[in-house]
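Below you'll find the structure, written out as structure tokens, and then a few comments.
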Amino acid sequence: MHSDKISDPDPNCIHEKRYDSIAEQQRSRFNENVKIRPLRSFYIQKHSRSAFRREVRKPPGGLLIIKKGECRMEHARNQQEKPVTEPNLFSRRAFIKGCAAAVLLAGLPLDIDRLLADTGIAGGETDHLLMTWTGDPGTTRTVAWRANDPSVPGMAQYVRSDRFRNTGWKHAKNVTATIETVESEKNPIIVNRTFLAGLEPGTAYTFRVGNGREWSRSFTFTTRRIEERPFSFLVFGDSQSGHVENPEYGPWGRTVNNAFRANPDVKFMMNVGDLVEEGESRIHWEKWFEAARSVLEKIPNMAVLGNHETYTSTGTNHTVLPASFRTQIALPPNGPAPLKGQVYSFDYGNVHFSILDSQEKEEERYIPGMLRMQAEWLDRDLASTRKKWKLVFFHKTLYYNKASRANEALKAAFQPVIDRHSVDIVFNGHDHGYSRTWPIREDTFTDSPAKGTVYLVTGRSGNKSYQDLSQKVWNAFFYDPQTEPNYIVVKVDGNRLTVSAFTQSGRTIDRYTIDKARGTDQPVTLLPERATETRLVVWGNMLRAPLLKVPPAMVAGTWHVPLRPFFEFIGGTVELRPDGKIAVRYEKSVMTFAVNSAEAFVNENRTALSMPIADSKGEPMLPVVDLKTLAGFSTRYDDNMNMLFIAR
């Protein structure tokens, strides 16, 4: 058999595979590898010069290809094709009949039932189709799509694919959609949402959506099996455009399409927040959906809320509750009441997924106590599962790779629960870099995934990158995706879970495997040796000479840090005055200190220190307990590593 190399398959092509014999096509007609792509709308060719023209091509020795526009095919035999134009059009139904007759007369193979069913009589288009789960992935599927008229509810039809191949839509079930509407900066966003229930586990289904008169083409999905099987899913970091005024989602489109093309058997995908640059912008959502359309039509997308989903260009606060996110992406309603549709959990195979909302800064004024509320919910959620693997997703990072982006309030709220229930991996976004920590428990590095949780920052799948990323002391692996975006594939196979990271173009970045039965990982965790001299670590960065000439020191039972290198590293300026006083400018504060004095002046206001400023080899030393009052920094000493951590 001669094979064709397909270049940039056109969704308007009826068929993209050629056969040299009818028998060969008949053997393959229902094979998954045969890609049948229906026309988006059908017309009958009629010999009249008054109508616009459609091309019809027939590759030598191959199947007839009818197309609406350009359909590029590069034949292995490098044969040249000459387009033949056929003019004019009338009814779609007549076209289908005529097409069938022509094909039969020519002795060419064509699955007419499939062609009829895929198209629908009206050839209606579907906008922003999105599949998720709001119920059991084994027996349900939620399908949403954008509508134009809120007064006309949409409808979905679905049927088992084996029955569909025999009888089309004859035995299909109909489900009337509920309508969700959210205001946007121009016209409202109107969403049809249907809940397909009573499905059989491990079964393929065919469905279409429409209004009862006009229908989309057909789509397919397969429900989760009951028995435990190996499976994979995709994970994407921030896909946002990076510019409010320029909704550039081409990089996101290339990333998601390349990822799915390389991994066509994945069961679903997870977006780890900041899907769009401005969450209440209609145009940004349109471009996001448009870029990922061909993948969103095939697998569910289970999303995580990011801070940018709360952004709006109107009003004075510029952050709102994420109405557009919640309306367009239907998610399980099993989270705490004020956060339904943003906080949720679900099971797939032997994995329990818990998804949290880390946007305290943006949403706390609307939902007071949201972190405490989620911590209590997460505690109950993880306690209730008996799944072998526990994965937690939220947008902002506990172990970051950006220069100064600590989230200490999140860590205080979530990490004790994560530790208590021995979560295997926490997936985060936000920093646009890819990093993987040592296993961590109680904020301390451990030498085995059986003893701690791995925190993984997922990188970027879209256009936006940062220039201030770096490897931190807690990172076992770090990669800065400056040159191109990246994606992640997670494979779960019994007692083994493997995380593989790839560049957009397919180059391997990282591969990490946990073997739960053995309590081991690969690459093997080899912690750095304990330092003989106490190290000063600020925002995850280890300060070294020549900036740090004197290490932190314990004075009268209290840790002290060298004042000048600390403030200079965090962006302040330090001046040693002739009168022996030390003047520090940091952000909006001017602070004055003196060696052996237990008082300081902050913006000319007298402030008492816990202890006098000490001196070590000519360096003024500041008690770390006073950093909280003076500049909002918290400190922690890690005896295992002999490191003094400072962050805010």
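The values are calculated or read from the model by the stated rules, or taken from the named source; none is laboratory data. Being a predicted model, the structure only gives us computed values, none of them experimental. Please note: Cβ atoms are built from the backbone with ideal geometry, for glycine as well, and neighbour counts cover all protein chains shown. The protein model used for the area step is the full one, side chains on, heavy atoms only, and it has no ligands, DNA or RNA in it. Shrake-Rupley method; radii C 1.70, N 1.55, O 1.52, S 1.80 Å.
When the Karplus curve 6.51 cos²θ - 1.76 cosθ + 1.60 is applied with θ = phi - 60°, which whole-Hz ³J(HN,Hα) does each residue of segment 189-206 get, with x for Gly and Pro?
Rounded to whole hertz, the list is 8, 10, 10, 8, 9, 10, 10, 8, 10, x, 7, 9, x, x, 10, 7, 10, 10.
How charged is the neighbourhood of Ser404? Take every other residue with its Cβ under 10 Å from the Cβ of Ser404, and add Lys/Arg as +1 and Asp/Glu as -1.
Around Ser404, the charge tally is +2.
What ranking, highest mean first, results for peptides 384-392, 468-476, 428-436 when packing means the other Cβ atoms within 10 Å averaged over each residue?
428-436, 468-476, 384-392
Residues with beta-carbon under 11 Å from that of Ile613, excluding Ile613: net charge, scoring Lys, Arg +1 and Asp, Glu -1?
Details: positive: Lys581; negative: Glu599, Asp615, Glu619, Asp626.
Residues close to Ile613 contribute a combined charge of -3.
What ranking, highest mean first, results for peptides 335-344, 598-607 when packing means the other Cβ atoms within 10 Å averaged over each residue? Please report the intermediate quantities before stating the final value.
Values: 335-344: 19.8, 598-607: 12.5.
Order by mean packing, descending: 335-344, 598-607.
If you count only protein heavy atoms with a 1.4 Å probe, what accessible area per residue comes out for segment 498-552, rounded to a whole Å²?
54
What list of ³J(HN,Hα) values in whole Hz, one per residue of segment 435-448 in order, does the Karplus curve 6.51 cos²θ - 1.76 cosθ + 1.60 (θ = phi - 60°) give from phi, with Gly and Pro shown as x?
For segment 435-448, the Karplus curve yields 8, 9, 7, 5, x, 10, 9, 6, 6, 10, 5, 10, 9, 7 Hz.
Per the 1.4 Å probe, what fraction of the accessible area of segment 198-300, in percent, lies on carbon and sulfur atoms?
On the way: 1650 of 3800 Å².
Summing carbon and sulfur atoms, their accessible area is 43 percent of the total for segment 198-300.
Can you give the accessible area of Thr167, probe radius 1.4 Å, in Å² rounded to 10?
The value for Thr167 is about 60 Å².
Leaving out ligands, DNA and RNA, what percent of the accessible area of segment 356-489 is carbon and sulfur, probe 1.4 Å?
Percent of accessible area from carbon and sulfur atoms in segment 356-489: 47.
Sort 301-309, 206-214, 519-527 by the packing proxy (mean of other Cβ within 10 Å over each peptide's residues), most packed first.
Most protected by this proxy first, the peptides run 301-309, 206-214, 519-527.
Could you report segment 180-228's accessible area per residue, 1.4 Å probe, as an integer in Å²?
Heavy-atom SASA per residue in segment 180-228 reads 49 Å².
Let's test the formula: R0 of 56 Å, r as the Cβ-Cβ distance of Met554 and Arg511. What FRET efficiency results, to the nearest 0.05?
Working: r = 42 Å, r/R0 = 0.75.
Calculated transfer efficiency: 0.85.
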